[in-house]
Amino acid sequence: MDVDGLITRITTDSSYAGQLEHIEQLPSRAGQFAEPATPLPAALTRLLAARGIDSLYTHQVEMLEAARRGKHSVVVTGTASGKTLCYNLPILEQLVTDEASRALYFFPTKALAQDQLKGLQSLIAGDQKMTDAVRPGVYDGDTPTAQRRRIRNEANLVLTNPDMLHAGVLPYHPKWATLFADLKFIVVDEVHTYRGVLGAHVAAVLRRLDRVCRHYGSNPVYLAASATIANPGELVSSLLGREVQVVDDDGSPRGRKCFALWNPSPLGADTLARSSANDDAVTWLTEAMEAGGQALAFTRTRQAAELIHRYAKQQLEDRHSPLSTQVRAYRGGYLPNERRKMEQDLFAGRLRGVATTNALELGIDIGSLDVAILVGYPGTIASCWQQAGRSGRRADDSLVVLLAGNEPVDQYLLRHPEYFFSQSPEHAVVDPNNPYVLAKHLKAAAFELPLNADDLQLFGPMAEPIANVLADERQLSLVDGQYFCPGGQNPAVGVSLRHMSDNTFSIVCIKHQQISRDLYTSGSPPLVDNTHEVIANVDSISAPEMVYPEAIYLHAGETYLVRELDLNGKVAYVERCETDYYTQAVLESNVLITEPREASQLDETAEVGYGELDVSWQTVAFKKIRFDTRENIGLGPVDIPAQNLATTGVWLTPSDSIRATLKSEGRRASEGICGLRNLAVVALPFVAMCDSRDLGGVVDAKNLGHSAMILYDRYPGGLGYCQKGFEHVSTLLEICLDIIGDCPCNGGCPSCVGLPGLRPAIHSDPDLTRGHPIPDKRATQRLLELLLRRDGSESQSLTVTSKA
């Protein structure tokens, strides 16, 4: 595709109004190669040559040599840099020389495991020695029962996911005795995704895996692969509980990439708002398709993916374009067979445009794409580059377009492109000591093998007191210094590794089929047969925000009216219904500080605390938004119970002197704190590698006697994000001040202090404002200046007092 031609086509259109803020040209790069210290086995060399691989990149050789020495390692290079070969080479070498050896691969998704299986089979196809030596198989929830025994007994390279390892392999390890006894390598791919809640669970699963391996006498080498993040060594060490070697000298070549920063135009004379990035994404997606390209539009929400698909399809139909049948939405919640079909169509080129959530951010092989459209800043620099890497997977030219939203961080990055392109990726955060997570996995570990004192040390300092509590509650049995799991039920079943809740809701479509009137007497009503079809699923925390009664649920570009939400049966009943509007939930929340753990004084300008919180939130209403005009056409009530969350958070209360100063200057401290809350939620991801949707925030006066900003992690027991915010509160405030100080508005706008309802308890949609005014920009800016002593005083210092 002609990248320069597409940009010219967009910028010369009559609707163009200077939205293109910046284009960064990332030049092509030649490859760097190296040779292994000891040549690869002849069969493997022959195999690579048949695939056109005559030389290895420097990072591939470095990883190979580390594996040969028995070093745990992680490779951290760009998308399409040959990371897969980094771990395949040492494992294939091992299997060729010792066919009794075994290897275990696990990937974050079933789709990725299936994709890697196809890649492996393609790699070894045609070489009899390699096909005899390498016997791969995928073992996941979709594996037919008849194949499972064969994979356990015959496969020497097993591909799975952490969920299956957690619930379907480790609890039944005697069936896998041969695998665990001869296990030489464990591959952990896409390791950068194992942060937050998933990371805490995976850290516990890996410790369970480690003790099962020890039980069978093996000591496998871990080989990990990651997208570019700031702390890959720290992350993998936290996950594995051991030191690793970092391989980060990327030797792969790269084609020219154009990276465009696009700012949607202001809405008329309203300088406080801009047109929707979704609308501009439709333009870029359809224009790229009509220019002969294949494009992905990455969105931050499922609803946005569905809306962009719907609008793009309609626009192409209006142009009578045959491409209207070649655009789809891809997201979580679709059934597996739907997603696999779309992946195959993308790879084959039958789909030319896809609006997707970050579900396609991972390394599923969907072929070589031309354009990646980022609809809003994804939340982290690392995710930006991961999504950007989806275009240009060959040496050809490619294009990335970042469409800014009204969020403060989006606008800040567009005003400072040099910051964006020079900024190193964030630190990934994982808390392997989350007590809620550990409690679940200690029961699972005791079911697998009795837990003794040495085993508990594997799980960290919190493990022993948690095990004692579980024993007191009779969830574990303590006998002669060992903990046993009573009863015969596998406790791993029903424990989700990925969601705030272990339960999911099924979304069931009711289809009405009328039986012929001929069977009944004249004038009798027809018999209606209600048939049910599961079309999607959603976790139980999100269900009351997405599928409440009278909500419009979007699926594959079609609208479904929610007739009933069965909270006990965990089913949402929907009916296909064509509407000209969609809905957005309105939520209310409350926060209670239950147990402070640490406290600090920010140079006597504020009290800062970190500790345990109870959060409750409730969907109280919904808004109807018309598809074509985006106008709010109505508000309806919702009556469903509140949800509760015990988590951890950080809070900040300005000192009395700062409140007095603001009052003397005619400013309200509460206004400044509201603006600071909105800023802090979107700025914290710069400090801790998280998505702003992993966080909640409120302004509260009940807990501390004065108005205070409270941020919290959206997971039981916390995820470690707000703890990072507490530890780096000065840095967090500096980022907030930079964002607000650089915004060109006068009194405040969505691009700096945000909207008043920007971050309710769980939801993150800026349209959830309840009609209050935008926070006072000057009060917020002045509050930050006083907190950081930007009035000529010495730089701030932080004194921490632990209350643990």
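The values are calculated or read from the model by the stated rules, or taken from the named source; none is laboratory data. Keep in mind the model is a prediction, meaning the values are calculated, not measured. Heads up, the Cβs are rebuilt from the backbone with ideal geometry, glycines too, and the neighbour counts pull from every protein chain shown. Just so you know, the surface numbers come from the protein's heavy atoms only, side chains and all, with ligands and any DNA or RNA stripped out. Shrake-Rupley method; radii C 1.70, N 1.55, O 1.52, S 1.80 Å.
Within the group 235, 285, 261, which residue is assigned to a strand (DSSP E or B), under 29 Å from residue 389 (Cα atoms) and touching a residue at least 12 places away in the same chain (Cβ under 8 Å)?
Criteria check complete, one pass: 261.
One residue is enough: does segment 124-131 have a residue meeting the conditions open to solvent by less than 30 Å² (accessible area, probe 1.4 Å) and part of a helix (DSSP H, G or I)?
The answer is yes; a qualifying residue exists.
So, of the residues in segment 139-181 that are of a type in the set (Gly, Ala, Ser) and assigned to a loop (DSSP other than H, G, I, E, B), which turns out to be farthest from residue 108 (Cα to Cα)?
It comes out as 155.
Taking residue 287 as the residue in question, decide whether it is at pLDDT 90 or above, of a type outside the set (Gly, Ala, Ser), open to solvent by less than 50 Å² (accessible area, probe 1.4 Å) and over 22 Å from residue 420 (Cβ atoms).
So residue 287 fits the description; yes.
On the given criteria, is residue 30 at pLDDT below 95, within 20 Å of residue 60 (Cα to Cα) and exposed (fewer than 12 other Cβ atoms within 10 Å of the Cβ)?
In short, yes.
Scan segment 209-232 residue by residue and report those that are assigned to a loop (DSSP other than H, G, I, E, B) and modelled with pLDDT of 95 or more.
Within segment 209-232, 216, 217, 218, 219, 220 qualify.
For segment 95-115, name all the residues that are among the hydroxyl-bearing types (Ser, Thr, Tyr), open to solvent by 10 Å² or more (accessible area, probe 1.4 Å) and touching a residue at least 60 places away in the same chain (Cβ under 8 Å).
Of everything in segment 95-115, just one residue is among the hydroxyl-bearing types (Ser, Thr, Tyr), open to solvent by 10 Å² or more (accessible area, probe 1.4 Å) and touching a residue at least 60 places away in the same chain (Cβ under 8 Å), namely 109.
Going through segment 457-478 one residue at a time, which ones are open to solvent by less than 70 Å² (accessible area, probe 1.4 Å) and not in a helix (DSSP H, G or I)?
459, 460, 475, 476, 477
Being surrounded by 20 or more Cβ atoms within 10 Å (Cβ to Cβ) and either of a type outside the set (Phe, Trp, Tyr) or within 15 Å of residue 248 (Cα to Cα) (or both) narrows it down to one residue among 48, 40, 92; which is it?
One residue alone meets the criteria, 92.
What do you reckon, is residue 421 aromatic (Phe, Trp, Tyr) and open to solvent by 10 Å² or more (accessible area, probe 1.4 Å)?
So residue 421 passes the test.
For segment 277-320, which positions are among the hydroxyl-bearing types (Ser, Thr, Tyr) and under 23 Å from residue 4 (Cβ atoms)?
Residues satisfying the conditions are 283, 286.
Within the bounds of segment 652-661, is there any residue that is surrounded by fewer than 24 Cβ atoms within 10 Å (Cβ to Cβ) and in contact (Cβ under 8 Å) with a residue 60 or more places away in the chain?
Among the residues of segment 652-661, at least one is surrounded by fewer than 24 Cβ atoms within 10 Å (Cβ to Cβ) and in contact (Cβ under 8 Å) with a residue 60 or more places away in the chain, which makes the answer yes.
Starting from segment 321-349, keep only residues that are part of a helix (DSSP H, G or I), then list their pairs with residues that are of a type outside the set (A, V, I, L, M, F, W, C) and at pLDDT below 85 whose Cβ atoms are within a distance under 6 Å, requiring at least 6 positions of separation or different chains.
Listed by first residue and then by second, the contacts come to 347/367.
Using the structure shown, decide if residue 683 is within 28 Å of the chain's Cα centre (by Cα), in contact (Cβ under 8 Å) with a residue 24 or more places away in the chain and not in a strand (DSSP E or B).
yes
If I filter segment 492-500 for residues that are modelled with pLDDT of 90 or more and out of contact with any Leu (no Cβ under 7 Å at 6 or more places or on another chain), do I get at least one hit?
Within segment 492-500 (the criterion being modelled with pLDDT of 90 or more and out of contact with any Leu (no Cβ under 7 Å at 6 or more places or on another chain)), the answer is yes, since at least one residue qualifies.
Return a yes/no flag: does segment 92-106 have any residue that is outside any helix (DSSP H, G or I) and touching a Ser or Thr at 6+ places or on another chain (Cβ under 6 Å).
yes
Are any of the residues in segment 589-611 in contact with a Lys or Arg (Cβ under 9 Å, 6 or more places away or on another chain), under 20 Å from residue 710 (Cα atoms), open to solvent by less than 20 Å² (accessible area, probe 1.4 Å) and among the aromatic types (Phe, Trp, Tyr)?
yes
Here is a list: 157, 209, 261. Which entry is among the aliphatic types (A, V, I, L, M) and within 29 Å of residue 451 (Cβ to Cβ)?
Just one listed residue meets the conditions, 209.
Of the numbered conditions (1) in a loop (DSSP other than H, G, I, E, B); (2) in contact (Cβ under 8 Å) with a residue 12 or more places away in the chain, residue 14 satisfies every one except a single condition; which is it?
Among (1) in a loop (DSSP other than H, G, I, E, B); (2) in contact (Cβ under 8 Å) with a residue 12 or more places away in the chain, residue 14 violates only (2).
Somewhere in segment 152-169, is a residue farther than 19 Å from residue 446 by Cβ, of a type outside the set (D, E, K, R) and open to solvent by 30 Å² or more (accessible area, probe 1.4 Å)?
yes
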